[in-house]
Amino acid sequence: MNESYQNDAKNALKYTRFFLRLVGMWPRVNGHRSGRFERIASVVSIAICTSCLAFILLPCGYYCFFYVTDIHVKIKKFGPLVACAVNAVKYYYINRRGLSFQRCIRHIERDWRIIEDPQHRDIMVRNTGVAHLVSIVCATLFYTSVLTYHTILPSWSNVFKGNDTHGLLTYSGFELFADIQASPTYEIIYAVQCTYICVLSSVSSASCSLIALLTTHARAQMQVQIAKLQGLVEAERNNDRRQKGLLGAIVDGHVENIKFSRNISTALQEICFMEVVATTLMICALEYLSILEWRNRDIVAMGTYLALTLSFTFNIFIICYAGEFLVEEGSKLGDASYQIEWYDLPGKKGLDLIMLIAVSKSPPKLTGGKIFEISVNTFSNVLKSSVVYANLCQAVTTW
């Protein structure tokens, strides 16, 4: 047993725990182990996040679909509206799939507890470092690009284009229900908008961190089983009785990892579906707006849209790559079973490897709502589709 498993598990979960706490979802994922104060804070956070998302989504959606007639303006307003709607849906599904995520978290903690070999622990630590790096990069891109869009772009428009000072409100539609020029109406709306920026970035960062944590842990466990398998022949040669049940432990570990991977697929399927569909639409709108601002020679606006495009592209790449290497790592155990010196094993043990090879050829896959597989090929399809839709937008706006 790993004596430092509590610290190891705590370190592995730290970024995921941080972002989920920001949006009030950690007690839902952590189960009954959260304290009373944390559960109360979670209810308050959920109420604030839900209110902010609804406060932005409802009036802006009504304004975009029923009042805007200019196709250029409609496309410009459509992007932020899609981002708000998608994050609201992701937020809902993180809550709905709380029990599935809870099972995954328990499995992660169990794996850290039962690990014994220092080399196997090092494998898990390295993969944890990868998950942490992905979480940091995704969060940095989300927060910087979203803050740039909501602060620098409106400020640039006000100072250099002579707009009204109240143009710092990025979202339209509130003027249909109240006088946004009056005080304190403007200040209230602006404060809610700032809170919404944090909610939007935190929900996106939390979902990305969850995907990175779960998939890298599944990869680590598969690498641990491969390391055990490579030591199987040597243990038989040395007649090491301590390794007598090693093959059984490998099979048990592989079965548990398959269950864990299926839990990941179940927990993330709706989130992955929304990410793929929404990212396609978002990149399409951002590409069109970047071309439009290039024609208008507005470098600041174009740079902001390109930064957002980079953020969404990196996010969907991470998700698709996670699905890809989940399949690749799942099939590597079969390859490792063949590549070891299996002919030096006793007859029965050599035959037992056939089952490992057969099972590893059908690894669990990450899917988008059980409709399409999440892979690098999906990433290329997203980019190609976004370019096609951007060209369609250009054609429609020139009619």
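The values are calculated or read from the model by the stated rules, or taken from the named source; none is laboratory data. All of these numbers come straight from a predicted model, not from anything done at the bench. Positions of Cβ are generated from backbone atoms using ideal geometry, with glycine treated the same way; all protein chains shown enter the neighbour counts. Side chains included, ligands, DNA and RNA excluded: accessible areas come from the protein's heavy atoms. Shrake-Rupley method; radii C 1.70, N 1.55, O 1.52, S 1.80 Å.
Structure values in brief
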read-out	value
Helix 118-147 vs. the chain, principal-axis angle (Cα, 0 to 90°, nearest 10)	10 degrees
Cα-based Rg and Dmax for region 79-138, where Dmax is the largest Cα-Cα distance (Å)	16.4, 50
Estimated FRET transfer efficiency when R0 is 51 angstrom, pair Ala178-Ile354 (beta carbons, to 0.05)	0.10
Residues of region 199-227 with amide N under 17 Å of the 7 Å Cα→Cβ point at Arg126	216-227
Region 1-62 and region 175-201: distance between their alpha carbon centers, rounded to Å	25 Å
Ala47/Glu341 FRET efficiency (R0 45 Å; Cβ-Cβ; nearest 0.05)	0.15
Mean Cβ count within 10 Å, highest first, over the residues of peptides 276-289, 306-319, 68-81	276-289, 306-319, 68-81
No Cys partner within the rule (Cβ under 4.7 Å), the chain	Cys49, Cys52, Cys60, Cys64, Cys84, Cys104, Cys194, Cys198, Cys272, Cys284, Cys320, Cys393
For Cys284, net neighbour charge (Lys/Arg +1, Asp/Glu -1) across residues whose Cβ lies under 14 Å away	+2
Tally of Lys pairs whose C-alpha atoms are under 30 Å apart, taken over region 1-115, 8 or more apart or cross-chain	5
In nm, spacing of pseudo-spin labels at Asp70 and Arg106 (7 Å Cα→C-beta vector)	5.6 nm
Nearby aspartates and glutamates by direct alpha-carbon distance to Lys370 (threshold 18 angstrom, same-chain neighbours under 8 apart not counted)	Glu270, Glu275, Glu324
Whole-angstrom Cα spans of the chain along principal axes, big to small	83, 52, 31
Accessible surface of the chain, 1.4 Å probe, proportion on carbon and sulfur as whole %	61 percent
Net +/- balance of residues flanking Gly61 in space, Cβ distance below 14 Å, scoring K and R +1, D and E -1	+2
Contour excess over end-to-end distance, with Cα ends at Glu234 and Glu38 and 0.36 nm allotted per residue	65.6 nm
Point-charge dipole on Cβ atoms (K/R +1, D/E -1) for the chain, about Cα centre, debye to 20	800 debye
Accessible surface, per residue, of the chain when the full set of protein chains is kept, probe 1.4 Å, Å²	49 Å²
